[in-house]
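Reviewing the structure listed below.
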Amino acid sequence: MGKRCDICYRKATKGASRSHSKTKTLKRQNINLQSRKVSGIALKICTSCLRTLAKKDAEIQAKAETKK
């Protein structure tokens, strides 16, 4: 399987390097993938999804503490 986020399915994009003479050279800009286990399943997750998961997890823990 290619370099793609298992949650949001984001993948690499194309960008252009420009030289001093304005010659365009296309390059591939990969996303920042991290291997993590979520609920016992190994996933490749981009860092933006990883931050979102951490934020959601913190909200769930805060709600659990207020109910006690």
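Numbers for the structure displayed
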read-out	value
Residue match in region 24-36 (condition: of a type in the set (S, T, N, Q) and in contact with a helix residue (DSSP H, G or I) (Cβ under 8 Å, 6 or more places away or on another chain))	yes
Filtered residues of region 34-67 (kept if in a helix (DSSP H, G or I), touching a residue at least 40 places away in the same chain (Cβ under 8 Å) and not hydrophobic (A, V, I, L, M, F, W, C))	SER48
Number of positions in region 13-34 that are among the hydrophobic types (A, V, I, L, M, F, W, C) and farther than 14 Å from SER48 by Cα	2
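Read-outs: derived from the displayed coordinates by stated rules, not from any lab. Not measured: the values here are computed from a predicted model. With ideal geometry, Cβ positions are generated from the backbone for all residues, glycine too; neighbour counts draw on all protein chains shown.
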